[in-house]
Amino acid sequence: MEIRGLLLCGGAATRFRGAKLLAPIPGEEAAGPMAARAARTLVEGAGNALAIVPVGADALRRALERSGCEVVESDRTALGMGASLAAAVAASDRAEGWIVALGDMPLVAAATVRAVRAALEEGALIAAPVLSRTGVRGHPVGFAAELRAELLALQGDAGARSILDRHRARLRILATDDAGILVDLDTPEQLEALRRAR
């Protein structure tokens with residue numbers, strides 16, 4: 001079953017005030033930028049990774065490719081996360097499912113990605129990890145090929161939340177203790193908080 005790992009790396013990073021996805025994770029500077037860590041995890045967990053990046057993001061492209069990730073440049077990334085996801089699905093249209101991960105959420109465990117993949121292989125329409133102790137849903141999220149048209153129709157910055165809402169009854173919850181499913185590094189302050197916590 002061909003399930004594609006999709007890594008969304010198209011955000012403008014306005015809150016970070018710089019090239020967020022090229023920033024290293026505190027304590028792991030030698031491992032390269034956070035997007036590369038997210039790519040390696042997706043490759044390990046899903047068996048492959050396809051990143052969607054802005055046109056001309058050469059340094060980001062190189063970092064992702066060194067991590068074993070295929071890269072597609074798209075001007076649609078400027079339109080928001082939903083448009084980026086639609087472009088990534090269009091670039092992998094023959095897949096039988098997708099695991100959608102974010103380049104600024106690099107602390108997800110590969111085992112969590114594997115669990116999402118397994119759920120899709122078992123026939124889930126949508127699968128997502130939920131932190132056991134809080135019940136909060138995180139990333140990555142898996143989508144079956146049945147949702148291809150809805151994914152391709154996404155626009156703007158809303159991501160796939162509308163699809164999750166429409167099909168909530170068919171969402172397969174994957175309980176996990178992996179706190180990385182909720183760690184979104186959007187600002188320098190969040191990176192600094194992670195540094196202090198380590």
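The values are calculated or read from the model by the stated rules, or taken from the named source; none is laboratory data. These numbers were taken from a predicted model, which means no experiment stands behind them. All Cβ positions, even for glycine, are placed from backbone atoms using ideal geometry, and neighbour counts span all protein chains on display.
Among the residues of the stretch 100-123, which ones are surrounded by fewer than 20 Cβ atoms within 10 Å (Cβ to Cβ), in contact with a helix residue (DSSP H, G or I) (Cβ under 8 Å, 6 or more places away or on another chain) and farther than 27 Å from LYS20 by Cα?
Scanning the stretch 100-123 gives no hits.
If I filter the stretch 5-15 for residues that are surrounded by fewer than 19 Cβ atoms within 10 Å (Cβ to Cβ), among the charged types (D, E, K, R) and either within 24 Å of ALA158 (Cα to Cα) or in contact (Cβ under 8 Å) with a residue 12 or more places away in the chain (or both), do I get at least one hit?
Among the residues of the stretch 5-15, at least one is surrounded by fewer than 19 Cβ atoms within 10 Å (Cβ to Cβ), among the charged types (D, E, K, R) and either within 24 Å of ALA158 (Cα to Cα) or in contact (Cβ under 8 Å) with a residue 12 or more places away in the chain (or both), which makes the answer yes.
In this structure, does ALA127 turn out to be closer than 15 Å to ILE181 by Cβ, in contact with a helix residue (DSSP H, G or I) (Cβ under 8 Å, 6 or more places away or on another chain), buried (at least 17 other Cβ atoms within 10 Å of the Cβ) and modelled with pLDDT of 95 or more?
Numbers: closer than 15 Å to ILE181 by Cβ: yes; in contact with a helix residue (DSSP H, G or I) (Cβ under 8 Å, 6 or more places away or on another chain): yes; buried (at least 17 other Cβ atoms within 10 Å of the Cβ): yes; modelled with pLDDT of 95 or more: yes.
For ALA127, the condition - closer than 15 Å to ILE181 by Cβ, in contact with a helix residue (DSSP H, G or I) (Cβ under 8 Å, 6 or more places away or on another chain), buried (at least 17 other Cβ atoms within 10 Å of the Cβ) and modelled with pLDDT of 95 or more - is met.
Quick one: which residue in VAL53, VAL89 is among the β-branched types (Val, Ile, Thr), buried (at least 23 other Cβ atoms within 10 Å of the Cβ) and without any contact (Cβ under 8 Å) to a residue 60 or more places away in the chain?
Values: VAL89 fails: without any contact (Cβ under 8 Å) to a residue 60 or more places away in the chain.
Selected residue: VAL53, the only one of VAL53, VAL89 that is among the β-branched types (Val, Ile, Thr), buried (at least 23 other Cβ atoms within 10 Å of the Cβ) and without any contact (Cβ under 8 Å) to a residue 60 or more places away in the chain.
How many residues are in a helix (DSSP H, G or I), at pLDDT 90 or above and either surrounded by fewer than 17 Cβ atoms within 10 Å (Cβ to Cβ) or in contact with a helix residue (DSSP H, G or I) (Cβ under 8 Å, 6 or more places away or on another chain) (or both) if we restrict to the stretch 181-198?
As a first pass, look at the stretch 181-198 and keep what is in a helix (DSSP H, G or I): 181-182, 188-197.
Checking the rest, the ones that are also at pLDDT 90 or above come to 181-182.
From what's left, either surrounded by fewer than 17 Cβ atoms within 10 Å (Cβ to Cβ) or in contact with a helix residue (DSSP H, G or I) (Cβ under 8 Å, 6 or more places away or on another chain) (or both): 181.
Going through the stretch 181-198 one residue at a time, the tally reaches 1.
From GLY97, GLY159, GLY138, grab the single residue that is surrounded by 18 or more Cβ atoms within 10 Å (Cβ to Cβ) and modelled with pLDDT under 95. If you could, list the steps in order and put the result at the bottom.
Details: GLY97 fails: modelled with pLDDT under 95; GLY138 fails: modelled with pLDDT under 95.
Just one listed residue meets the conditions, GLY159.
Whether any residue in the stretch 167-180 is within 17 Å of VAL89 (Cβ to Cβ), modelled with pLDDT of 95 or more, surrounded by 14 or more Cβ atoms within 10 Å (Cβ to Cβ) and hydrophobic (A, V, I, L, M, F, W, C) is what I want to check.
Start the filter on the stretch 167-180 by keeping residues that are within 17 Å of VAL89 (Cβ to Cβ), which leaves 167.
Still in the running and modelled with pLDDT of 95 or more: 167.
Next, from what is left, pick out any that are surrounded by 14 or more Cβ atoms within 10 Å (Cβ to Cβ): 167.
With hydrophobic (A, V, I, L, M, F, W, C) added as a condition, the list becomes none.
No, the stretch 167-180 contains no residue that is within 17 Å of VAL89 (Cβ to Cβ), modelled with pLDDT of 95 or more, surrounded by 14 or more Cβ atoms within 10 Å (Cβ to Cβ) and hydrophobic (A, V, I, L, M, F, W, C).
What are the pairs, 6+ residues apart or on separate chains, where a residue within the stretch 175-198 that is within 17 Å of LEU8 (Cβ to Cβ) has its Cβ under 7 Å from a residue that is outside any helix (DSSP H, G or I) and basic (Lys, Arg)?
If the second residue must be outside any helix (DSSP H, G or I) and basic (Lys, Arg), the pairs left are ASP186/ARG15.
Among residues belonging to the stretch 57-86 that are among the small types (Gly, Ala, Ser) and touching a strand residue (DSSP E or B) at 6+ places or on another chain (Cβ under 6 Å), point out the one that is surrounded by the fewest Cβ atoms within 10 Å (Cβ to Cβ). Let's see the steps before the verdict.
If we filter the stretch 57-86 for residues that are among the small types (Gly, Ala, Ser), which is where we start, we get 57, 59, 63, 67-68, 74, 78, 80, 82-84, 86.
With the extra rule that they be touching a strand residue (DSSP E or B) at 6+ places or on another chain (Cβ under 6 Å), the set shrinks to 63, 74, 84.
Details: ALA63: 24, SER74: 19, SER84: 27.
Restricting to residues being among the small types (Gly, Ala, Ser) and touching a strand residue (DSSP E or B) at 6+ places or on another chain (Cβ under 6 Å), the top hit is SER74.
Suppose the filter is under 22 Å from GLU121 (Cα atoms), buried (at least 19 other Cβ atoms within 10 Å of the Cβ) and within 14 Å of the chain's Cα centre (by Cα); does LEU21 pass it? Spell out how you get there, then give the answer.
Numbers: under 22 Å from GLU121 (Cα atoms): no; buried (at least 19 other Cβ atoms within 10 Å of the Cβ): yes; within 14 Å of the chain's Cα centre (by Cα): yes.
No; evaluated as a whole, the condition is false for this residue.
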